[in-house]
Amino acid sequence: MARVVVLGAGISGHTAALHLRRLLDKQHEVVVVSPNSQWNWIPSNIWVGVGRMKPSQVTFPLKPVYDKHGVDFRQAKAVALHPEGDERTSKGYVDVVYTDPARAGETQSIEYDYVVNATGPKLNFAATPGLGPDGHTVSVCTYGHADEAAKQLAGVIAKLKAGQRQTLVIGVGHGTCTCEGAAFEYTFNVEHELREAGVRDLAEIIYLTNEYELGDFGVGGLNFKQNGFVTTSKLWTESLFKERGVKSILRAHVQKVEEGRLFYETLDGSADTLDFDFAMLLPPFRGQDLQAFAKDGSDITATVFAPSGFLKVDADYTAKPVDEWKAGDWPSTYVSPSYPNVFGVGIAFAPPHPISTPRKAPNGTVISPAPPRTGMPSGLMGRAVAMNIADMITGKSNTPQHHASMAEMGAACVASAGAGFTKGSAASMTMYPVVPDYDRFPGYGRSLTETTGEIGLAGHWMKHLLHVMFIYKAKGKLGWSMIPE
Amino acid sequence: MTTTPSQPGPDVPRGPAAGLTDPSAYEAPMPTERTVKQRTNLPIQAYRFAAVSLKMTRMILRSHG
């Protein structure tokens, strides 16, 4: 009998847990440890953030799903990893603290044969003083944050209807943020809602980002064929900003936020302030506060985790200049180089380097996007790791044979630009691979056949379809495993 | 148009914020009225939905090995 412990129940962890349960006999245990009782389809938080959906439409309770599938769910937060065990056991174990209201604060050590760290990001609002729901800005990172954002946005719309001009700043709250796609989506959903409310003319919308160019999205931008030309996501995105009258501040790092005012610097060394009535600024991410200890109790956190707090895996972490970056730098099995039964997937694994070119302001401030690793890539990693662990438990192989490198997989990204069955729109993008591979695809780093983009109502329908399909899949309903990640 | 930073005094009307780009300054072309209308035209979008679905399915299958 083997026990697999999955830490985290987001897209990656939940996918891994369901596949593990599907692949392993009932004699083996699958345990999921997550501090949250709800599963959240995060891409639809954008619609919660503008009041188009309620939190209950983007979430469901995890426990009934896990009970149905025979997964042992423990609503708790992992705080320490002991991959070598200790003086009383040679088995690895993880220390958890329960967040389940019935056992709040209770601690427990859970032994494992394999552990998957899918703890996702720590929303590091603290990196920018005054940033976040406890400060002076809102967020759409969680359904609760998005619900609060919708309430504040409703207040802004009421003021606009009363004839008061309003400035809305939407974007990222730090120079090292990722998920610019989500900021882009929220910008255009807000713009759409203001038009629908008939108050767009009184609102100034400013997109503030750490991207070097519009359309970078943390993946260094895209190239694709359109009307007989190879065009760029920069041109394509700028065209949308122009059409919808959205201003932008690029290459920016927010230094601090006060009530109604943010302070920022840009890559060229300039610094300024920007007054706002409403600001949705995403936080930078770092790994969860998970420590690691050796058998003798010594702290090995720096060995197991990168300084960012993300788990080191089978990537090439050698520091190298951008022109020496290779597709092979990226991990494919997500196994820890120190411990063959420890895996890190989704946002929780430490990427070898960014995808967008890293840049610094003259004073040394890093202003460039961190690499995104959410959605489809997260699901694919979770599935590959589940298959590898199942193979090793059942004796089919001794080492991981299934691979899910971001340099060998594509991603479908549907960025909403406004909700509505007949008036909505979204940018539907595909890219292959996520991480450019200039050896396989000289010139652009990606396949020009598989990398595409278009804007229209069809994209909105697609995003809505994905919403329905992935919530169905995550609930583990009939045929769930037939739906791709 | 990318502007230079402004640091106004308390009583001086301030200029545009540093790096603020106005929509009119974007180099990208403006879509024509026809293009914008096509983006919400139901028959056209139904066709595009099918086309996008096919593209995504092909890419997803390739990524799933």
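Looking at A:A419, A:A458, A:A407, just one residue is within 11 Å of another protein chain (Cβ to nearest Cβ) and among the hydrophobic types (A, V, I, L, M, F, W, C), and that residue is A:A458.
Just to be sure before I move on: is B:R62 at pLDDT 95 or above and at the interface with chain A (Cβ under 7 Å from one of its Cβ atoms) in the structure I sent? Judged against the criteria, B:R62 is not a match.
Residues that are at the interface with chain B (Cβ under 8 Å from one of its Cβ atoms) and among the basic types (K, R) number at least 1 in the following strands (runs of 3 or more DSSP E) confined to region A:196-282: A:247-249. Within region A:234-256, is even one residue surrounded by fewer than 18 Cβ atoms within 10 Å (Cβ to Cβ) and touching a Gly at 6+ places or on another chain (Cβ under 6 Å)? Within region A:234-256, one or more residues are surrounded by fewer than 18 Cβ atoms within 10 Å (Cβ to Cβ) and touching a Gly at 6+ places or on another chain (Cβ under 6 Å).
For the criterion of being of a type outside the set (A, V, I, L, M, F, W, C) and closer than 23 Å to A:P433 by Cα, A:T365 fails. Does at least one position in region A:174-183 carry a residue that is modelled with pLDDT of 95 or more and more than 19 Å from A:P371 (Cα to Cα)? No, every residue in region A:174-183 fails to be modelled with pLDDT of 95 or more and more than 19 Å from A:P371 (Cα to Cα). Can you find a residue in region A:202-218 that is without any contact (Cβ under 8 Å) to a residue 40 or more places away in the chain, within 25 Å of A:S270 (Cβ to Cβ) and surrounded by 20 or more Cβ atoms within 10 Å (Cβ to Cβ)? Yes.
In region A:426-450, the qualifying residues are those that are hydroxyl-bearing (S, T, Y) and surrounded by fewer than 24 Cβ atoms within 10 Å (Cβ to Cβ), and the one that is nearest to the other protein chains (Cβ to nearest Cβ) is A:Y432. Is at least one residue of region A:465-474 facing another protein chain (nearest Cβ under 10 Å) and within 22 Å of A:S12 (Cβ to Cβ)? Yes: one or more hits. Of the residues making up region A:11-26, at least one is within 20 Å of A:M482 (Cα to Cα), of a type in the set (D, E) and at pLDDT 95 or above. Looking at region A:334-357 only, could you name the residues that are over 19 Å from the mean Cα position of the chain (by Cα) and not aliphatic (A, V, I, L, M)? Answer for region A:334-357, where residues must be over 19 Å from the mean Cα position of the chain (by Cα) and not aliphatic (A, V, I, L, M): A:S336, A:P337, A:S338, A:Y339, A:P340, A:N341, A:T357. In the set (1) surrounded by fewer than 23 Cβ atoms within 10 Å (Cβ to Cβ); (2) under 19 Å from the mean Cα position of the chain (by Cα), A:A182 fails one condition alone, (1). Could you tell me whether region A:392-402 includes any residue that is surrounded by 24 or more Cβ atoms within 10 Å (Cβ to Cβ), of a type in the set (S, T, Y) and at pLDDT 95 or above? No.
Table: residues versus (1) of a type in the set (A, V, I, L, M); (2) touching a Leu at 6+ places or on another chain (Cβ under 6 Å); (3) closer than 23 Å to A:G130 by Cβ; (4) crowded, with 23+ Cβ neighbours inside 10 Å.
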site	(1), (2), (3), (4)
A:F278	no, yes, yes, no
A:D289	no, no, yes, no
A:D299	no, no, no, no
A:T303	no, no, no, no
A:L311	yes, no, no, yes
A:K320	no, no, no, no
A:E324	no, no, no, no
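Being without any contact (Cβ under 8 Å) to a residue 24 or more places away in the chain and basic (K, R), is that true of even one residue in region A:228-249? Yes: region A:228-249 contains one or more residues that are without any contact (Cβ under 8 Å) to a residue 24 or more places away in the chain and basic (K, R). Here A:R88, A:R52 are screened, and the one residue that is modelled with pLDDT under 95 and not in a strand (DSSP E or B) is A:R88. Would you be able to say whether some residue in region A:344-360 is over 24 Å from B:F49 (Cα atoms), aliphatic (A, V, I, L, M), in a helix (DSSP H, G or I) and within 11 Å of chain B (Cβ to nearest Cβ)? So far as region A:344-360 goes, no, none of its residues is over 24 Å from B:F49 (Cα atoms), aliphatic (A, V, I, L, M), in a helix (DSSP H, G or I) and within 11 Å of chain B (Cβ to nearest Cβ).
The values are calculated or read from the model by the stated rules, or taken from the named source; none is laboratory data. All figures in this text were calculated on a predicted structure; none of them were measured in a lab. Positions of Cβ are backbone-derived with ideal geometry, glycine not excepted, and every protein chain shown enters the neighbour counts.
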